[in-house]
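K.L.:
Structure incoming, see below.
The values are calculated or read from the model by the stated rules, or taken from the named source; none is laboratory data. Quick caveat, the model's predicted, so the values are computed rather than measured. Using ideal geometry, Cβ is built from the backbone for each residue, glycine included, and neighbour counts are taken over all protein chains shown. What goes into the accessible areas is simple: the full protein's heavy atoms, side chains included, and nothing from ligands, DNA or RNA. Shrake-Rupley method; radii C 1.70, N 1.55, O 1.52, S 1.80 Å.
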Amino acid sequence: MKIIVQKFGGTSLASPSLRKQVTEKVIKAKAQGFKTVVVVSAMGRNGDPYATDTLINAAKEVHPEIPARELDLLMSCGETISGVFLVNNLNKFGHKAVVLTGSQARIITDNNYNDARIQRIDPKVILDYLTKDFIVVVTGFQGVTEDGNITTLGRGGSDTTAAALGVALQAEVVDIYTDVEGVMTADPRIVNDAKILDVVTYNEICQLAQQGAKVIHSRAVEIAMQKNIPLRVRCTFSEGEGTLVTSYGEVLELGITKDRPITGITNIGGVTQIKIISSDHPDLKETEMKVFKAMALGNISVDFINVYPEAIVYTVRDEVGEKALQILENMGFKPQLIPNCAKVSAVGAGMTGIPGVMASIVEALTKEGVKILQSADSYTTIWCLVRGEDMEKSVKALHKQFNLNI
Ligand code: ADP
Ligand code: MG
């Protein structure tokens, strides 16, 4: 059976005319001889009637503390509504279609509500419908525990559903449809001459996604990579080929060996920098241990950790900045906080061993008058922390510095 999985994000489903375009994409895949499984997100963005954030905000108006289990039940509604709408559209054009929730599609997860992990998928129900020539619409982002409780898969959950179904069904390809032409060298909302990347490796896209390129979630890429299922990131509103995501070997076979030290520039805003100076706390080693233990106990994820002889520096999300400050002050520390920072990264597997990449980044940012608050590098990524107001300027400058618009 030649199976394709197509995933449509919220922006692709936000209005009747957009949903018609989605329907056409599905019908086209069927006409090409594919057995088609479609994964849908909730429709639209916060403020739109059935978008997930809209539902959560409405519920929180009554009482802000929604239990995790009930929150998952609420959060899974948006996808179910999308699924029914799409089936209705497909029926209208004379195609047999059925919608399955995550639970009905037998997507079994752990019971970590709000951010559950898929443990296994039993594809029998889906395969039965495909054999009977149905188009199968599966609601993204949802799972079910062994004992029948509904869970959701966390940020980018519909991408994860699509990739996991691709693996379980041994699909020819998983198409991630969205509102841009493909994976680009930077967020096109910031850099208007960002270029589409024709082919990227799983590793490259994973790095880009982890560092802020929200076009696809890194967990989805990791899942597809395990079984070598090719992904394509494509636009719902055009006929473009989009970006093929595949293994390094496959990329070489396609004859694409373009040497690129940097694949793309990414950004993550809403970050608070926390600095603890050692002159205030002479025993830095012990301080370090205490600080990170306290953050873990407070359930605060930390990122971008630099430990110098003079200071411990790290970042947290803006939302938990106040909480982190409270914890540290209660422990007797005098931390310095800079809220509203942004992490800007240059990502590229090809930068390994090429001298001067960091120097080039510093030069580009300094020329723009951007102050680098913190930096770090690995074989494939260079990170800089800048003030939030410098984020867009920094992304643009780095994109230009590495000639990514050419
Ligand atoms: P969907 O609703 O389809 O899941 P998302 O909003 O999650 O869509 O992801 C698509 C958005 O990702 C685009 O609108 C774009 O602004 C943003 N984006 C960020 N970085 C990149 C990048 N490097 N390439 C493409 N899109 C990007
Ligand atoms: Mg998305």
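K.L.:
Sorted by mean Cβ packing within 10 Å, highest first, what order do the peptides 109-116, 231-238 take?
P.N.:
The most tightly packed comes first, giving 231-238, 109-116.
K.L.:
Determine the percent antiparallel among the DSSP beta bridges restricted to the stretch 112-248, to the nearest 5.
P.N.:
The answer is about 45 percent antiparallel.
K.L.:
How large is the accessible surface per residue of the chain, computed with a 1.4 Å probe and reported in Å² as a whole number?
P.N.:
47 Å²
K.L.:
Figure the gain on full extension for Asp53 and Asp193 (residue separation times 0.36 nm, minus the Cα-Cα span) and round it to one decimal in nm.
P.N.:
Net length gain for the segment: 47.3 nm.
K.L.:
Placing +1 on the Cβ of each Lys and Arg and -1 on the Cβ of each Asp and Glu in the chain, which of Thr23, Gly156, Val313 has its Cα farthest towards the positive end of the resulting dipole?
P.N.:
Most positive-ward Cα: Thr23.
K.L.:
With charges only on Cβ, +1 for K and R and -1 for D and E, what is the dipole size of the stretch 161-235 about its Cα centre, in debye, rounded to 20?
P.N.:
180 debye
K.L.:
Also, I was wondering about something else. Which whole-percent values make up P(r) of the stretch 154-230 when all C-alpha to C-alpha distances are grouped in 5 Å steps starting at zero?
P.N.:
3, 16, 27, 26, 17, 7, 3, 0
K.L.:
When you have a sec, figure out the Kirkwood radius of the stretch 184-310 from all distinct Cα pair distances and drop it here in Å to one decimal?
P.N.:
17.7 Å
K.L.:
Out of Thr243, Thr11, Thr366, any idea which swings most in a Gaussian network model of the chain, alpha carbons joined below 10 Å?
P.N.:
So, out of Thr243, Thr11, Thr366, the one fluctuating most is Thr366.
K.L.:
Taking the Cα atoms only, what angle lies between the long axis of helix 16-31 and the longest principal axis of the chain, rounded to 10 degrees?
P.N.:
That helix lies at roughly 70 degrees to the long axis.
K.L.:
Relative to the compact globular guide of 2.2 N^0.38 Å, what is the alpha carbon radius of gyration of the stretch 109-179, as a ratio?
P.N.:
Normalised Cα radius of gyration, the stretch 109-179: 1.13.
K.L.:
Sticking with this structure for a sec: Between Arg69 and Arg120, what FRET efficiency follows from the Cβ-Cβ distance if R0 is 25 Å, with the result rounded to 0.05?
P.N.:
According to the calculation, E is roughly 0.75.
K.L.:
Another question, if that's okay. Have a look at Ile354, Ile382, Ile268 and tell me which one the Gaussian network model of the chain (Cα, springs below 10 Å) gives the largest fluctuation.
P.N.:
Ile354
K.L.:
Let me ask something additional. Once you put a point 7 Å from the Cα of Asp318 and another 7 Å from the Cα of Ile354, both along the Cβ direction, what distance in nm separates them?
P.N.:
3.2 nm
K.L.:
How many nm is it between the label spots at Val302 and Asp110, if each spot is 7 Å from the Cα in line with the beta carbon?
P.N.:
That separation, rounded to one decimal, is 2.3 nm.
K.L.:
Here's something else I'd like to know. Taking the Cα centre of the chain as origin and charging only Cβ (+1 Lys, Arg; -1 Asp, Glu), how large is the dipole, in debye to the nearest 20?
P.N.:
Around 920 debye, computed over the chain.
K.L.:
Taking the Cα centre of the stretch 256-406 as origin, work out the dipole magnitude from +1 charges on Lys and Arg Cβ and -1 charges on Asp and Glu Cβ, in debye rounded to 20. Working shown, then result.
P.N.:
Working: 16 positive and 17 negative charges, 74 e Å.
Approximately 360 debye in magnitude.
K.L.:
Taking R0 as 22 Å, what FRET efficiency do you get between Ser15 and Asn91 from their Cβ-Cβ distance, rounded to the nearest 0.05?
P.N.:
Rounded to the nearest 0.05, the efficiency is 0.70.
K.L.:
Once the Cβ-Cβ distance between Asp128 and Tyr379 is put in as r, and R0 is 60 Å, what FRET efficiency do you end up with, to the nearest 0.05?
P.N.:
So, using R0 = 60 Å, E works out to roughly 0.85.
K.L.:
I've got another one for you. Roughly how compact is the chain, stated as its Cα Rg over 2.2 N^0.38 Å to two decimals? Intermediate results must be reported in sequence, preceding the final value.
P.N.:
Details: Rg = 22.7 Å, N = 406, 2.2 N^0.38 = 21.6 Å.
Its radius of gyration relative to the 2.2 N^0.38 Å reference: 1.05.
K.L.:
Can you tell me the 0 to 90 degree angle between the C-alpha axis of helix 357-367 and the longest principal axis of the chain, rounded to 10?
P.N.:
80 degrees
K.L.:
Top mean-square fluctuation among Pro123, Pro64, Pro49, Gaussian network model of the chain, C-alpha springs under 10 Å?
P.N.:
Between Pro123, Pro64, Pro49, it is Pro64 that shows the largest mean-square fluctuation.
K.L.:
If you wrap the stretch 1-103's Cα atoms in a convex hull and average its projection over all directions, what's the area in nm²?
P.N.:
7.1 nm²
K.L.:
Under the 0.36 nm per residue contour assumption, what length would be gained going from the current alpha-carbon distance of Leu254 and Asn149 to full extension?
P.N.:
33.3 nm
K.L.:
Could you tell me which residue out of Asn88, Ser301, Gln401 lies farthest along the dipole of the chain toward its positive end? Charges go on the beta carbon: Lys and Arg +1, Asp and Glu -1, centred on the Cα centre.
P.N.:
Asn88
K.L.:
Report the relative contact order of the chain, percent, no decimals, based on alpha-carbon pairs under 8 angstrom and at least 6 residues apart.
P.N.:
Value for the chain: 13 percent.
K.L.:
Full extension from Glu241 to Asn228: what is 0.36 nm times the residue separation minus their Cα-Cα distance, to one decimal in nm?
P.N.:
Gain on extension, Glu241 to Asn228, equals 2.7 nm.
K.L.:
Share of antiparallel DSSP beta bridges in the chain, in percent to the nearest 5? Before the final figure, lay out the partial values.
P.N.:
Working: 40 of 69 bridges.
Percent antiparallel among DSSP bridges in the chain is about 60.
K.L.:
Quick one: which of Lys214/Lys323; Lys293/Lys343; Lys227/Lys285; Lys60/Lys290; Lys290/Lys371; Lys35/Lys214 span more than 32 angstrom between C-alpha atoms? Don't skip to the answer; put the middle values down first.
P.N.:
Numbers: Lys214/Lys323 26 Å; Lys293/Lys343 24 Å; Lys227/Lys285 43 Å; Lys60/Lys290 35 Å; Lys290/Lys371 30 Å; Lys35/Lys214 28 Å.
In this structure, Lys227/Lys285; Lys60/Lys290 exceed 32 Å between Cα atoms.
K.L.:
Could you compute Rg(Cα) / (2.2 N^0.38 Å) for the stretch 33-88, with N its residue count?
P.N.:
Cα-based Rg divided by the globular estimate yields 1.34.
K.L.:
Same structure, new question: Sorted by packing (mean other beta-carbon atoms within 10 Å per residue), highest first, where do 163-173, 93-103 land?
P.N.:
Ranked from most to least packed, the peptides come out as 163-173, 93-103.
K.L.:
Ok, one more. Tally Lys and Arg at +1 and Asp and Glu at -1 over the other residues with C-beta under 15 Å from the C-beta of Ser12: what net charge comes out?
P.N.:
+1
K.L.:
To continue, here is another question. Per the 1.4 Å probe, what fraction of the accessible area of the stretch 184-321, in percent, lies on carbon and sulfur atoms?
P.N.:
C and S atoms contribute 52 percent here.
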